[in-house]
Amino acid sequence: MARNELLFRDLNEQVEFVATPLDSDARTFEFFCECPDVDCTLRLPITLAAYENVRSDPTFFVVALGHDRPEIEEVLDRTDAYQIVRKRGGAAQLAVTDDPRS
């Protein structure tokens, strides 16, 4: 499950890379749901500033409402469009080890 979430996080890093030159922290962009479901194709409307807040900790991920997995993560925050979750245990260790920003 954690590997799939890392894949979507890497894709979202590319979304952010493309969106950053547009220089609009208030504008929303469509980021991929970073849940462990390999069939999930949901896009989440998030501002660059909000996504940067999620990426401030390598164990934080953004997922669609209801896409959290209590066995490996806890919900830290919830908006009308998405949730921010924090990985625990082995999933957290993998997230830190494979963080593209580290």
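The values are calculated or read from the model by the stated rules, or taken from the named source; none is laboratory data. A quick note: this is a predicted structure, and the numbers were derived from the prediction, not measured. Please note: Cβ atoms are built from the backbone with ideal geometry, for glycine as well, and neighbour counts cover all protein chains shown. The accessibility values were calculated without ligands, DNA or RNA, using every heavy atom of the protein model including side chains. Shrake-Rupley method; radii C 1.70, N 1.55, O 1.52, S 1.80 Å.
Listing for the model above:
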read-out	value
Conditions (1) under 12 Å from the mean Cα position of the chain (by Cα); (2) open to solvent by 70 Å² or more (accessible area, probe 1.4 Å): number failed by F17	(1)
Breaking point among (1) within 19 Å of E13 (Cα to Cα); (2) open to solvent by less than 40 Å² (accessible area, probe 1.4 Å); (3) among the acidic types (D, E), for D57	(2)
The stretch 75-102: number of residues that are crowded, with 17+ Cβ neighbours inside 10 Å and under 19 Å from F29 (Cα atoms)	3
Inter-residue pairs, beta-carbon under 9 Å, first of a type in the set (S, T, Y) and in the stretch 73-102, second part of a strand (DSSP E or B), 6+ apart	T79/I46; Y82/F31; Y82/L44; Y82/P45; Y82/I46; Y82/V62; Y82/V63
Selected residue (only one of I72, I46 is aliphatic (A, V, I, L, M) and open to solvent by 20 Å² or more (accessible area, probe 1.4 Å))	I72
